Ligand code: C2E
Ligand code: CA
Ligand code: CA
């Protein structure tokens, strides 16, 4: 991983679209890392991000992802760009200043960038986390709460932190039509988000049935394999033209 980071060989940033609720229009992109190991093939970020955190490489990796994503976002001026920020990175000294500097160096604006954080940022130092979020939003970055509903304190952190968006975890999306009460839960989360003036995105949308349930529940944006997986930057142009699934084009 150290070598890959040093040479940039095998490490790539791919992009998954966020769709409007009709599923027809790309409104955002989420930057997701990919690592193609020369011997072991593709290693998922679920495996190597925790490793990068342990090795202290996550800060360097995270800044590289931001820089790449800023460059790609210049080609798509009407579309927001989401970056995942690890709690370790979030809490590192000088984080806000470094992110501001990168965005400026890449000649884009913080308002184009959405930072996806999880409730892990709250561990240990809630006051400190509030301070960092305030500084980020003051600089113009938008903040999304990722994996919403999976942790211990989701409701607690909504009341203590000012954010712009919640992303309903894919476990809720995938329980729609399967688990009892799943529709009621998703509807409640959407209502709660809207009552607080937030955008609500649902992750992990894989079927037209899930999509229509999420639209009925009032979600604002959708993300998932139904529309597209993450793709390399050079495939984004094709995606912008044909990201909606066939049944949506024809239905
Ligand atoms: P995440 O932020 O929750 O990202 C969404 C994950 O769900 C991605 O997995 C994406 O490919 C996958 N996904 C999207 N749509 C669907 C769907 O319809 N069905 C299913 N089953 N999965 C879907 P990926 O790319 O393997 O990333 C895993 C996690 O690794 C991410 O979860 C994020 O926490 C972390 N990660 C990825 N890139 C970065 C990065 O640059 N920095 C940091 N700190 N973490 C990253
Ligand atoms: Ca995410
Ligand atoms: Ca997520």
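Please treat every number below as a calculation from the coordinates, not as lab data. Predicted, not measured: the structure shown is a model, and the values here were computed from it. Cβ atoms come from the backbone with ideal geometry, glycine included; neighbour counts cover every protein chain shown.
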Check: If we scan the range 33-44, do we find a residue that is under 17 Å from the mean Cα position of the chain (by Cα) and more than 13 Å from ligand 1 (Cβ to nearest atom)?
Finding: no
Next item on the list: Only residues that are under 30 Å from residue 131 (Cα atoms) and within 12 Å of ligand 3 (Cβ to nearest atom): list them for the range 166-189, please.
Entry: 166, 167, 168, 169, 170
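If only one of 49, 83 is without any contact (Cβ under 8 Å) to a residue 40 or more places away in the chain, within 18 Å of the chain's Cα centre (by Cα), within 22 Å of residue 229 (Cα to Cα) and within 16 Å of ligand 3 (Cβ to nearest atom), which one is it?
Details: 83 fails: without any contact (Cβ under 8 Å) to a residue 40 or more places away in the chain.
Exactly one residue qualifies, and that residue is 49.
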Check: Considering the range 212-229 alone, what residues qualify as being crowded, with 18+ Cβ neighbours inside 10 Å and within 11 Å of ligand 1 (Cβ to nearest atom)?
Finding: 222, 223, 224, 226, 227, 228
Notebook entry, point to check: Based on what the data block shows, is residue 88 within 14 Å of ligand 2 (Cβ to nearest atom), surrounded by 13 or more Cβ atoms within 10 Å (Cβ to Cβ) and either within 22 Å of residue 221 (Cα to Cα) or free of Cβ contacts under 8 Å to residues at least 40 places away in the same chain (or both)?
Noted result: no
Next item on the list: Check whether at least one residue in the range 120-129 is touching a strand residue (DSSP E or B) at 6+ places or on another chain (Cβ under 7 Å) and within 16 Å of ligand 2 (Cβ to nearest atom), and report yes or no.
Entry: no
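Matching residues to (1) closer than 25 Å to residue 128 by Cα; (2) in a loop (DSSP other than H, G, I, E, B); (3) out of contact with any helix residue (DSSP H, G or I) (no Cβ under 6 Å at 6 or more places or on another chain):
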position	(1), (2), (3)
66	yes, no, no
78	no, yes, yes
82	yes, no, yes
98	yes, no, yes
108	no, yes, no
Notebook entry, point to check: Taking residue 173, is it more than 30 Å from residue 94 (Cα to Cα) and surrounded by 19 or more Cβ atoms within 10 Å (Cβ to Cβ)?
Noted result: yes
